[in-house]
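Undergrad: The structure under discussion is supplied below as structure tokens; questions concerning it will follow.
The values are calculated or read from the model by the stated rules, or taken from the named source; none is laboratory data. Since the model is a prediction, treat every value here as computed from it, not as a measurement. Here the Cβ is made from the backbone with ideal geometry for all residues, glycine too, and neighbour counts use every protein chain on show.
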Amino acid sequence: MVRETHLRVDDLIYPLFVTEGSGIRREVPSMPGVYQLSLDRLNEEVEDVLALGIPAVILFGIPDHKDEVGSGAYEEAGIVQRALRQLKKAYPELVLIADNCLCEYTSHGHCGLVRDGEILNDETLELLVRTAVTQAEAGADVIAPSNMMDGFVAAIRDGLDTAGFKHTPIMAYSVKYASAFYGPFREAAHSAPAFGDRRTYQMDPANVREALREARSDVEEGADFLMVKPAMAYLDVVKALREAFPHPLVAYNVSGEYAMIKAAARNGWLDERAVVLELLTGVKRAGADLIITYHAKDVARWLREEDRG
Ligand code: PBG
């Protein structure tokens, strides 16, 4: 009766890594329980997700070819576009969120175009818009740009509106820190930068006032959801955004956070279930409405068991 915070299955978004090829269900070594899936193995996973009551997935693509300009991100027959079409048709009730970035598709692994070692912000925007429009055409319900280029929300909003997708919301990764916790994801998505790092476009972990500025500019540009990423080391940032904005707030419990718990649990050093439920409850207590987490399927199972208890 007196509990102030509730973690619910409706709060969860499950990430999926879709890969070219067939018959593939390949576990990511640093993320036990998380798989790269080819299209013919995707539906069985999604049926699991739906049976557990998880309302939404976010899709990341692993293309079979990468180039300087990340064309795989915005081809009509791109891996994510094909996955979206397939899932929208089979499971119209599932909320499909499309991550919008170039880093999985560029040969250099950066989130934007690169010339002479520098990121070309404005030239990149046009490609992100093409990515968003092809994703919406393929059936994405929500576009989630994670690229951190300046002006990305306005450009994508404008592009979606012009293409007739006025009602497709944008979940902006507004506050994305240049974090070491993305390590396992880069293994899962083959997206580590080939040179340099992402610090010219991702944020300094030391800053919170800057986070509010980033979020404010995304709101002015038309963001419908705001996101903080990673989650655990940034709960003060979640709280600051919660207090400053009425928008639905998403926290991304990232790959490195998942890997730490999995590793400790496998060694018998932590009680996985208790620790995950405590952590995610903490993320909600800080003010998040939704949580993107690789733990989603386990959490859904545990919550169901508690309900029965
Ligand atoms: C793409 C992107 C990244 C993550 C989500 N979208 C990686 C990055 O910026 O390197 C990381 C997610 C995770 O670690 O779970 N820009």
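Undergrad: Pairs please, first residue from the stretch 180-197 and under 15 Å from Gly256 (Cα atoms), second anywhere and part of a helix (DSSP H, G or I) and more than 10 Å from the ligand (Cβ to nearest atom), Cβ atoms under 9 Å, 6+ apart in sequence or on different chains.
TA: Pairs found: Phe181/Met232; Phe181/Ala233; Phe181/Met260.
Undergrad: When you scan the stretch 1-83 for strands (runs of 3 or more DSSP E) that lie fully inside it, which ones turn up with 2 or more residues that are among the hydrophobic types (A, V, I, L, M, F, W, C)? Give the derivation first.
TA: On the way: elements: 12-19, 25-28, 31-38, 56-62.
Per the criteria, 12-19, 31-38, 56-62.
Undergrad: Then there's this: So, of the residues in the stretch 129-152 that are within 14 Å of the ligand (Cβ to nearest atom) and out of contact with any strand residue (DSSP E or B) (no Cβ under 6 Å at 6 or more places or on another chain), which turns out to be farthest from Ala77 (Cα to Cα)?
TA: Here the answer is Met149.
Undergrad: Got at least one residue in the stretch 124-143 being of a type in the set (Asp, Glu), modelled with pLDDT of 95 or more, more than 30 Å from Asp40 (Cβ to Cβ) and surrounded by fewer than 18 Cβ atoms within 10 Å (Cβ to Cβ)? Give the steps one after another, and end with the answer.
TA: First pass over the stretch 124-143, keeping only residues of a type in the set (Asp, Glu): 126, 137, 141.
From what's left, modelled with pLDDT of 95 or more: 126, 137, 141.
Now narrow it down to the ones that are more than 30 Å from Asp40 (Cβ to Cβ): 126.
When the remaining residues are screened for being surrounded by fewer than 18 Cβ atoms within 10 Å (Cβ to Cβ), the result is 126.
Yes: the stretch 124-143 contains one or more residues that are of a type in the set (Asp, Glu), modelled with pLDDT of 95 or more, more than 30 Å from Asp40 (Cβ to Cβ) and surrounded by fewer than 18 Cβ atoms within 10 Å (Cβ to Cβ).
Yes/no per residue for (1) out of contact with any His (no Cβ under 9 Å at 6 or more places or on another chain); (2) near the ligand (Cβ under 10 Å from one of its atoms):
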residue	(1), (2)
His190	yes, no
Pro193	no, yes
Asp197	yes, yes
Arg209	yes, no
Val228	yes, no
Arg242	yes, no
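Undergrad: Restricting attention to the stretch 143-198, which residues are among the aliphatic types (A, V, I, L, M) and touching a Phe, Trp or Tyr at 6+ places or on another chain (Cβ under 6 Å)?
TA: Start the filter on the stretch 143-198 by keeping residues that are among the aliphatic types (A, V, I, L, M), which leaves 143-144, 148-149, 153-156, 160, 163, 170-172, 175, 178, 180, 188-189, 192, 194.
Listed by number, the residues that qualify are Met148, Met171, Ala188, Ala189.
Undergrad: Please go through the stretch 84-110 and pick out each residue that is part of a strand (DSSP E or B) and either within 19 Å of Leu128 (Cβ to Cβ) or touching a helix residue (DSSP H, G or I) at 6+ places or on another chain (Cβ under 9 Å) (or both).
TA: Applying the first criterion (part of a strand (DSSP E or B)) to the stretch 84-110 yields 95-100, 106.
Those that are part of a strand (DSSP E or B) and either within 19 Å of Leu128 (Cβ to Cβ) or touching a helix residue (DSSP H, G or I) at 6+ places or on another chain (Cβ under 9 Å) (or both): Leu96, Ile97, Ala98, Asp99, Asn100, Thr106.
Undergrad: Only residues that are at positive phi and surrounded by 19 or more Cβ atoms within 10 Å (Cβ to Cβ): list them for the stretch 102-123, please.
TA: Narrowing the stretch 102-123 to residues at positive phi: 109, 116-117.
If the condition is that a residue be at positive phi and surrounded by 19 or more Cβ atoms within 10 Å (Cβ to Cβ), then Gly109 is the only one that fits.
Undergrad: So how many residues does the stretch 94-123 have that are modelled with pLDDT under 95, among the small types (Gly, Ala, Ser) and away from the ligand (no atom under 11 Å from the Cβ)?
TA: Matching residues across the stretch 94-123 total 2.
Undergrad: Same structure again: Can you name the condition, by its number, that Ser22 falls short on among (1) hydroxyl-bearing (Ser, Thr, Tyr); (2) surrounded by fewer than 23 Cβ atoms within 10 Å (Cβ to Cβ); (3) under 30 Å from Lys284 (Cβ atoms)?
TA: The one condition Ser22 does not meet is (3).
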